[in-house]
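Novice: Let me begin by handing over the structure; questions about it come next.
The values are calculated or read from the model by the stated rules, or taken from the named source; none is laboratory data. Nothing here was measured: the structure is a model prediction, and the numbers come from that model. Glycine also receives a Cβ, built like all others from the backbone with ideal geometry; neighbour counts cover every protein chain displayed.
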Amino acid sequence: MNAKNRVALVTGGALRIGAEISRELHRRGYTVLIHYRSSQTDATELVQTLNAKRADSAYCFQADLSSNEDIRLLADFAKSIAGGVDALVNNASSFYPTKIDQASEDDWNSLIDSNLKGPFFLTQSLVGTLKERKGNVINIVDIHSERPMLDHSIYCIAKAGVAMMTKTLAKDLAPNIRVNGVSPGAILWPDHEMNDDTKQSILNKIPLARVGESPDIAKTVAFLIEDSPYITGQIIAVDGGRNLTM
C-alpha cells in the first residue's frame, strides 16, 4: 500500500504505545492525527517533532471519548485532514482495578466508555470515509479479554466487548473496510512502582522471558494496515507467548 497522502487517526496517540503507533505510521508516510484527552503537552510536542521531519504531516485534537459530541467533533476534524481517513487505530483506554465489592457505576461508565463505547461510535462516525478509501480499523484489545485479570472485572468485560466488536464490525463492514485487533500482553512496565518479585513473577509466565516494547505493537498495527489485504476479523496476540501459560 502506498501511504502517500494517506491519513491515520490514532486515539490516545500521545503517550506510550499510542505514541509509538503514531511514530511508526508517520515513518511509513502517513499524515497522523493524534487524539488525546488530557495529555496536551505530550501531544503537542509529538506533533512538533513529526512536523519537523515532514511539514504539515501531524496534527492533534482533544476529545473526551465518553462524549458523543466530542466524538462527532473529532470525526469531523479527522475527515477535514486531506479529505478523509484511511486508518483508524482505537488505542485510547482507561485501565485500573475494580474490586467487586468496591466498584461503582462511575467506574463502570469510565471503563466501558473509554474502552468500548468511544471506539464503537468513533468508528461509526468514520465509516463513510473509511469505505470510500477502502480503509482499516485496528482495535487495541488485550490478552485479558479472554482470560480475566484478578480485580479488573469491568476492564476485562470492556476489552472482551472490544474483541467481539472487532469481529462483528469486520463482518458488517466488509468488503470495503477491514477490521482487525492487536492484543498486547506485558508491553512496558506500568507507570506505577512495581517491586522486583512482582516483575519476576510476570516474566516467569512469559515463554520469551521478557516484556515487550511499544514497537512490537506498532509494527503489528502497521502490518495489519499495510501488508495484510486478505486479513480481517482477526486479533493478533503480541505477548511473548504468555497466552500459552495463562
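Novice: Counting only residues that are modelled with pLDDT of 95 or more and surrounded by fewer than 23 Cβ atoms within 10 Å (Cβ to Cβ), give me the strands (runs of 3 or more DSSP E) lying completely in the stretch 1-112 with at least 1 of them.
Specialist: Because the criterion is at least 1 residues that are modelled with pLDDT of 95 or more and surrounded by fewer than 23 Cβ atoms within 10 Å (Cβ to Cβ), the strands (runs of 3 or more DSSP E) in the stretch 1-112 that meet it are 58-62.
Novice: Suppose we filter the stretch 235-246 for residues that are surrounded by fewer than 19 Cβ atoms within 10 Å (Cβ to Cβ), more than 10 Å from S183 (Cβ to Cβ) and of a type outside the set (A, V, I, L, M); how many remain?
Specialist: 2
Novice: Please find, within the stretch 35-69, the residue that is nearest to R16 (Cα to Cα) out of those that are out of contact with any helix residue (DSSP H, G or I) (no Cβ under 9 Å at 6 or more places or on another chain) and of a type in the set (D, E, K, R).
Specialist: Here the residue is E45.
Novice: Shifting gears a bit: Wholly within the stretch 117-234, which helices (runs of 4 or more DSSP H) include no fewer than the required count, namely at least 1 residues that are touching a helix residue (DSSP H, G or I) at 6+ places or on another chain (Cβ under 9 Å) and buried (at least 17 other Cβ atoms within 10 Å of the Cβ)?
Specialist: Hits in the stretch 117-234: 118-132, 153-173, 214-226.
Novice: Spot the failing condition for M149; the list is (1) out of contact with any strand residue (DSSP E or B) (no Cβ under 9 Å at 6 or more places or on another chain); (2) under 24 Å from R23 (Cα atoms), and only one is missed.
Specialist: (2)
Novice: Hey, among A174, A158, A218, which residue is out of contact with any strand residue (DSSP E or B) (no Cβ under 6 Å at 6 or more places or on another chain), under 22 Å from R27 (Cα atoms), aliphatic (A, V, I, L, M) and at pLDDT 95 or above?
Specialist: A218
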